[in-house]
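Step one of this worksheet: look at the structure below.
The values are calculated or read from the model by the stated rules, or taken from the named source; none is laboratory data. What you are looking at is a predicted structure, and each value in this text was computed from that prediction instead of being measured. When we count neighbours, we look across all protein chains shown, and the Cβ atoms used for this are built from the backbone with ideal geometry, even at glycine.
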Amino acid sequence: MQPKLYTTLLLSAALYSTAIAQDTSHISQLNEITVTATKGPQKASETGKVVTILSHEYLQQNSGKSIASILNQQTGLVINGAENNRGTVPNVYMRGASSGNTLILIDGLPVNDASQINNTFNLNFITPDLVERIEILRGSQSTLYGSNAVAGVINIITRKNSDKKFGIGANASYGSYRDFQGNVNIHGNIQRFSYLVNYQREKARGFSDAYDSSRNQTKDFDRDGFRQNTIFAKLGLTAGKRWNFGYLFNWSNIHQDLDEGGYVDDRDYTGKSKYLLNAFSSEYKFKKGSWHVLYSYQRNKRDIVNDSGYLGVGGNYYARYDSSLFSSNTHQVESYVNWEASNNIRLIGGAAFTTSNTDQKDYLQGLSGPDIYTTFLSPDSAHTNQTSVYASLLLHNLGGFNMELGGRLNYHSLYGNNQTFSFNPSYLINPNHKVFVNISSAYMVPSLSQLYPAGYGNRDLKPESTISYEAGYQATLAHERVDVRVTGFARNTHDLIIFYSDPVTYLGQFRNANKQQAYGVEVEGSWRLTNTLRLTANYTYTDGQLTVPQNGKDSSYYNLYRVPKHAVNATLGYQATPALFVSVTGKYVGQRFEQAKPMGDYYTLDLYGEYKFGNLLKIFAGFRNITDYQYFDILGYNSRRFNFNTGVIFNL
């Protein structure tokens, strides 16, 4: 990429003219409290784990953005599809690990879709306005969090309940692609009972999913629209001085238009997705600790219909009609205890049980005749369960030395026993300087869709096993005006699951590769230039290779597809008055590959501003990719060019 001179001058001027205010996306400062690193409140200075905390203030200063877009600016993360057309399921790549290797939590509860290839959770199901904070925990975390926590954990913590008896909130926004979003909620606290109930609707005309490469434009491709309705409820009950009970409900219904594939338009291809989460939690506090019980039920449904009355140019059409139905059910229950055995010793121990199944049907009519071909995958055959027990010992405040040592034993219904461990020492040199090391193992079992479907499924797949290494330095400098963290990481995975396509028959199947290595460096910094001016920036270098046996020898090649070797994010902002805040964000993404095809590098530049009328009202506006740079995160699919949204938020 060779940016034009005017673009370079514009970026330089913007970075010197505006800045981020008091709270921002920042590294976990040494005096902050994290609840994800050790399943309970823990000072960042007392854990060697790499945690980034996105505060409520930071999320508010990114109003109008999706959860995926916000995460896409963070260290070590690539959220593929975050800036594509609404309805695109964002894929989370952390430290080069493929989608499905990062565990998503909502209020500490694992969420996923067992009918997806990689069990991936659709981040579109979560409304950003309902989020209190987000904690990003990088590195293998399978000891405390089980399968799928290979590259890390993202804990989305929903809003706290209000202290007043009754409150009401609402917001509305409008932006590019005729995207309208509206939200209304009621919340309150009546004696021992608290409540928050929210309804959101979004409707967007959108733009074409597929990119028209033949004309270098999408004028002849139809727009692919998006509609979503979401209901969210969070209830709490305090029973006496020790018991706290909670209930969480999330229901989301998405309708969207689709295209046939990369570079290929379609005008009668549609998708519907429904998500249901019911979750209960209990916390009992005793003198030196707490006992927790969590239960959740998730149901996902997807209905994809390709009624190919319209056959677009360039398509490799195989059917006149194709209807695919996917559903999954997941039950999870977990119980654990956090116990402060002494001023220097903390113990965590628990057990978890998960069971999942999927039901999949496909009805297909070929191009040559009226016959309907049907395939089925029954939940009676496509199901698994897993039982786990785990324990972790935390030593802290031992003259600056802190350590976590833990282990987990899993029993899987197909694969039997599996063990993981974590060893995480750190040393607080003084209140402002910390060094840390983390050695841990992780595992990931094949998904139901990798095991059971006829043809591409493979019941002989082995689980992936991983050893992860981290080491780094974290400091608060210049009278607490500068925070910096440098981390080096390496991850070695054996029996990596890949999709193999036969070059002769073109038939594909999931298989185990020999091993994958990924490694890199992360540099994060935050500089409070003045009391109202702050600069934050992060740089991530990621590299790796896959090794497979070939002709009796090991053959290695780069396979971190869609992941850049170099990525930079920088945000600068200014709290002009207590009411007025403005910011500018620049992003650079280096060369990426999709299979052997280079995708090029790109940059974006965003502007944001908001004005508050006390605590009652806020207006905001965001302008993204203001240089209108054309780039692709997925080959053959459009990303957003210049776009904006503006809105108003009301609280009473």
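A single entry from Lys160, Lys164, Lys241, Lys272 fulfils the requirement of being part of a strand (DSSP E or B) and either in contact with a strand residue (DSSP E or B) (Cβ under 8 Å, 6 or more places away or on another chain) or of a type outside the set (A, V, I, L, M, F, W, C) (or both): Lys272.
Evaluate the stretch 207-214: report whether one residue or more is in a strand (DSSP E or B), modelled with pLDDT of 95 or more and within 25 Å of the chain's Cα centre (by Cα). Within the stretch 207-214 (the criterion being in a strand (DSSP E or B), modelled with pLDDT of 95 or more and within 25 Å of the chain's Cα centre (by Cα)), the answer is no, since none of the residues qualifies. Picking from residues in the stretch 614-652 that are small (Gly, Ala, Ser) and over 21 Å from Pro598 (Cα atoms), the one that is modelled with the lowest pLDDT is Gly614. For the stretch 86-112, the set of residues classified as more than 25 Å from Ala490 (Cα to Cα) and touching a Lys or Arg at 6+ places or on another chain (Cβ under 8 Å) consists of Gly108 only.
Can you find a residue in the stretch 92-104 that is closer than 30 Å to Arg205 by Cβ, modelled with pLDDT under 95 and surrounded by fewer than 24 Cβ atoms within 10 Å (Cβ to Cβ)?
Start the filter on the stretch 92-104 by keeping residues that are closer than 30 Å to Arg205 by Cβ, which leaves 92-93, 99, 104.
Next, only the ones that are modelled with pLDDT under 95 stay: 99.
Checking the rest, the ones that are also surrounded by fewer than 24 Cβ atoms within 10 Å (Cβ to Cβ) come to 99.
Checking the stretch 92-104: at least one residue is closer than 30 Å to Arg205 by Cβ, modelled with pLDDT under 95 and surrounded by fewer than 24 Cβ atoms within 10 Å (Cβ to Cβ).
Taking the stretch 362-377 as the range and being loosely packed, with under 15 Cβ neighbours inside 10 Å and part of a strand (DSSP E or B) as the test, the residues that pass are Ile372, Tyr373, Thr374, Thr375, Phe376. In the stretch 115-125, the count of residues that are under 24 Å from Met599 (Cα atoms), of a type outside the set (Val, Ile, Thr) and surrounded by fewer than 24 Cβ atoms within 10 Å (Cβ to Cβ) is one or more.
For the stretch 244-302, the set of residues classified as touching a Lys or Arg at 6+ places or on another chain (Cβ under 9 Å), within 30 Å of Asp224 (Cα to Cα) and of a type in the set (Gly, Ala, Ser) consists of Ser252, Gly271, Ser273, listed by residue number.
Suppose we keep only residues that are over 26 Å from Ser147 (Cβ atoms) and of a type in the set (A, V, I, L, M, F, W, C) within the stretch 422-465. Which one would you say is surrounded by the most Cβ atoms within 10 Å (Cβ to Cβ)? Restricting to residues being over 26 Å from Ser147 (Cβ atoms) and of a type in the set (A, V, I, L, M, F, W, C), the top hit is Leu428. Taken over the stretch 594-605, the criterion of being crowded, with 18+ Cβ neighbours inside 10 Å and either under 24 Å from Ser556 (Cβ atoms) or of a type in the set (A, V, I, L, M, F, W, C) (or both) is satisfied by Met599, Leu605. Within the stretch 313-361, restricting attention to residues that are modelled with pLDDT under 90 and not in a strand (DSSP E or B), the residue that is surrounded by the fewest Cβ atoms within 10 Å (Cβ to Cβ) is Asn316. Whenever a residue of the stretch 529-550 is at pLDDT 90 or above and outside any strand (DSSP E or B), its partners that are among the polar types (S, T, N, Q) and surrounded by 17 or more Cβ atoms within 10 Å (Cβ to Cβ), lying with C-beta atoms within less than 9 angstrom and at least six residues away or across chains, give the pairs Asn531/Gln575; Thr532/Gln575.
Name the single residue that is surrounded by the most Cβ atoms within 10 Å (Cβ to Cβ) among those in the stretch 157-200 being polar (S, T, N, Q) and over 30 Å from Lys241 (Cβ atoms).
That would be Asn183.
The set of residues from the stretch 221-265 being closer than 30 Å to Tyr295 by Cβ, among the hydrophobic types (A, V, I, L, M, F, W, C) and under 24 Å from the mean Cα position of the chain (by Cα) comprises Ile231, Phe232, Ala233, Leu248, Phe249, Trp251, Ile254. Screening the stretch 466-476 for residues that are surrounded by 20 or more Cβ atoms within 10 Å (Cβ to Cβ) and of a type in the set (Ser, Thr, Tyr) and picking the one that is farthest from Asn118 (Cα to Cα) gives Thr476.
Can you confirm whether the stretch 394-409 contains a residue that is of a type in the set (Gly, Ala, Ser) and under 30 Å from Ala454 (Cβ atoms)? Within the stretch 394-409 (the criterion being of a type in the set (Gly, Ala, Ser) and under 30 Å from Ala454 (Cβ atoms)), the answer is no, since none of the residues qualifies. When Ala475 is tested against (1) closer than 28 Å to Thr547 by Cα; (2) touching a residue at least 40 places away in the same chain (Cβ under 8 Å), only condition (1) is not met.
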